Amino acid sequence: MTEDTDKKLSKILDLPEIETIDDKKVTDIVEPKSIKRQKKDLVRQDFSEARNNMKQLISTGFDAIDEMMKVANASDSPRAYEVVSILLKTMTEMNSEMISLHEKANKAEPQTNKSVNNTTNNSIFVGSTKDLQNLINQSRSQLKYINNEEMKNDEA
């Protein structure tokens, strides 16, 4: 669209005029934060909030267990001891949920520091079969006898 068309449309629709920008004047390009970075930050933030909530619940649960033990001891009621055992079971489950929360957070957060160590153990021997046999079984090697004879000749 041309500038005249923009002005006419702005006037008809009762909108403020649109400022045009010359392409030559724009020098800085601001890139938005990447989506992956935002997702990673959200995962970390959610993990942190969930972890804090679970820690508070566990702390409150321990206080509740202490109070219920006092009530159970004072009343000697089987129902009170049943409530204490249910609370203990719930606290055990909450602690295991805390551990599974860590595992889930580790799976959800992509790790960029993964290193791949590929070790290739392929060896190629270039030589004759006789040379290979001499390398493999040096106790039966013919070179052993030759080297011993050369050393005797050098000494003499």
Task: Calculated P(r) tail over 21 Å for the stretch 35-108, as whole % of Cα pairs - done: 43 percent
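I need Arg51, Arg79 ordered by Cβ neighbour count within 10 Å, fewest first. Intermediate values should be presented prior to the final figure.
Numbers: Arg51 14, Arg79 9.
Taking fewest neighbouring Cβ atoms as first place, the list is Arg79, Arg51.
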Open item on the list: Counting only pairs 8 or more residues apart or on different chains, how many lysine pairs in the stretch 35-108 have their Cα atoms under 30 Å apart?
Closed with: 16
TODO: Could you run the Karplus curve 6.51 cos²θ - 1.76 cosθ + 1.60 with θ = phi - 60° over the stretch 55-63 and give me ³J(HN,Hα) per residue in whole Hz, x for Gly and Pro?
DONE: 5, 5, 5, 5, 4, 5, x, 5, 5
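Every number here is computed from the coordinates shown, using simple stated rules; none is lab data. As the structure is a prediction and not an experimental result, all values here were calculated from the model. A quick note on method: Cβ atoms are made from the backbone with ideal geometry, for glycine too, and the neighbour counts reach across all protein chains shown.
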